[in-house]
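A short worksheet on the structure shown next.
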Amino acid sequence: MWSATLNTFDLSILHWLSALVGRSTDIDRAIGYLTDTDLKGAVFFAGYWWCWFRKMDSATTTRTREHLLRTLCAGVVAIFAARILAMTLPFRVRPRFEPALHFVAPAGNPSDLVDWSAFPSDHAAMFSALAVGLCFISWRAGLIAILYTVFIICLPRVYLGLHYPSDIAAGLALGASVGYYMNAAAVSRNLASRALRWESESPGGFYFAMFIVSFEFSTMFYSLRAVALSATHFAAHLAAVL
């Protein structure tokens, strides 16, 4: 288990944010809402689909859609990489659950995260991968997405004591690296080209699948995680019985 007391960088920021908690109930509630709601992911993907359907010439449309599909692949790789690291690296207690910190958190207790390691942030990893991918399409769209990721997705999680700043920084670095690589690698371009052929040959099936994919991204794959967790518990119970 990692010792939070050794990281003065994290502690200084957490103590500063902790001093702000309780000064405004409305602000605390708003930040809590930003953390809990899936709307933040839905807004992000509304921008994604705006990029997909905006009017462009044929060549630009193809290039844009290739990058958007490669960016989706980057998001999947980033979140899975973050989860694998969280499960294999030494467990890191989230700030609000670390008694030694005396962290003052806003009202609410996300007890379902007690057993989840804080490092690295999978939110930061996934959304930064998606944001960096948008930079290959438009630097303005990419910059807006990066700022949105930092201030709307990540900062509230530090404020609520769900992550240390270093958890966020590591997630951002991981996601940005994956987002850049997937948009530059030839293998992801081949995958994107195949997906675009599917869109051309069977648009109904393609957009049906993309709606499901967008929903899962917007909710951080919550339903799939729940199914996987239930399956794991069932397998463990079955093994114990047999």
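The values are calculated or read from the model by the stated rules, or taken from the named source; none is laboratory data. Since we're looking at a predicted model, the values are computed, not measured. Every residue, glycine as well, gets a Cβ built from its backbone with ideal geometry; the counts of neighbours run over all protein chains shown.
For segment 116-131, enumerate the residues that are outside any helix (DSSP H, G or I) and of a type in the set (Gly, Ala, Ser).
Residues satisfying the conditions are SER117, ALA118, SER121.
I want to confirm something. Restricting to segment 81-115 and keeping residues that are within 23 Å of SER218 (Cα to Cα), of a type in the set (A, V, I, L, M) and part of a helix (DSSP H, G or I), which single residue is modelled with the lowest pLDDT?
LEU113
If I go through segment 6-54 residue by residue, how many of them are assigned to a loop (DSSP other than H, G, I, E, B), touching a residue at least 40 places away in the same chain (Cβ under 8 Å) and under 30 Å from LEU69 (Cβ atoms)?
Residues meeting the conditions: 1.
Go through segment 139-174 and give me each residue that's outside any helix (DSSP H, G or I) and either in contact with a Gly (Cβ under 9 Å, 6 or more places away or on another chain) or farther than 16 Å from ASP122 by Cα (or both).
LEU160, HIS163
If LEU89 satisfies all but one of (1) surrounded by 19 or more Cβ atoms within 10 Å (Cβ to Cβ); (2) within 24 Å of ALA169 (Cβ to Cβ); (3) among the hydrophobic types (A, V, I, L, M, F, W, C), what's the number of the condition it fails?
In the conditions (1) surrounded by 19 or more Cβ atoms within 10 Å (Cβ to Cβ); (2) within 24 Å of ALA169 (Cβ to Cβ); (3) among the hydrophobic types (A, V, I, L, M, F, W, C), LEU89 misses (1) alone.
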